[in-house]
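Q: Next up is a structure, given as structure tokens.
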Amino acid sequence: MTEDSEKEPAPTDDAAPLDELAREVRERNANRENERASEREAVFEQVDVDTIDRERLWEDLLTDSADNDVDATASVGQVEQTGRAETPPSADAEAAPSVDSETPSMVEEVESPSDVTEHVVPKREYCQRCPHFSAPPDATCTHDGTDIVEVVSVGEFRVRNCPMVDD
């Protein structure tokens, strides 16, 4: 016997045990992935849009921000670099007390004219449990004379004339 005849031929990929099963599993997985990809693509609609005038877009954004006390004179370059327009501190911001985030159950009374009472309240403890709170996305109070003035933080609202808040 020669050395060559003692060695058995190395099995090829087609001759390997369970090769056909492995190939079927790979094909099924590939088909599943293709189906998932087409389902993901079906969720989005491709729409042609005109070219965007970047200067006009920034002007519109800064104009909208000006209504929300943001410095509308911020340059486009400043906003693009920092991601925000710098807002000068306002007198209202200095006068408004802050709520300690470590004590979210604390209700804080805010200085306001004598006939108006404002409080900063945890929204989960007051607004979201209140029968006068409208369903999202509105997030308004339907009680006559009561307003949600602003969202102070993720978990707090500033409310005006709310009868549900004990003084």
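None of the figures in this text is laboratory data; all of them are computed from the coordinates on show. Just so we're clear, the structure is a prediction, and the values are computed from it rather than from any experiment. For neighbour counting, all protein chains shown are included, and Cβ atoms are generated from backbone atoms with ideal geometry for every residue, glycine included.
Q: Work out, step by step, the length gained on full extension between S38 and E55: first 0.36 nm times the residue separation, then minus their alpha carbon distance; give nm to one decimal.
A: Answer, rounded to one decimal: 2.5 nm.
Q: Label-point separation (nm) for R23 and S134, each offset 7 Å from Cα along Cα-to-Cβ?
A: It works out to 6.4 nm between the two label points.
Q: Let me ask something else. With a 10 Å Cβ neighbour count serving as the proxy for reagent exposure, in which order, fewest first, do L62, L57 appear?
A: Starting with the residue having the fewest Cβ neighbours, the order is L57, L62.
Q: Most exposed first by the Cβ proxy, i.e. fewest other Cβ within 10 Å, how do V159, V149 rank? Don't skip to the answer; put the middle values down first.
A: Working: V159 26, V149 17.
The most exposed by this proxy come first: V149, V159.
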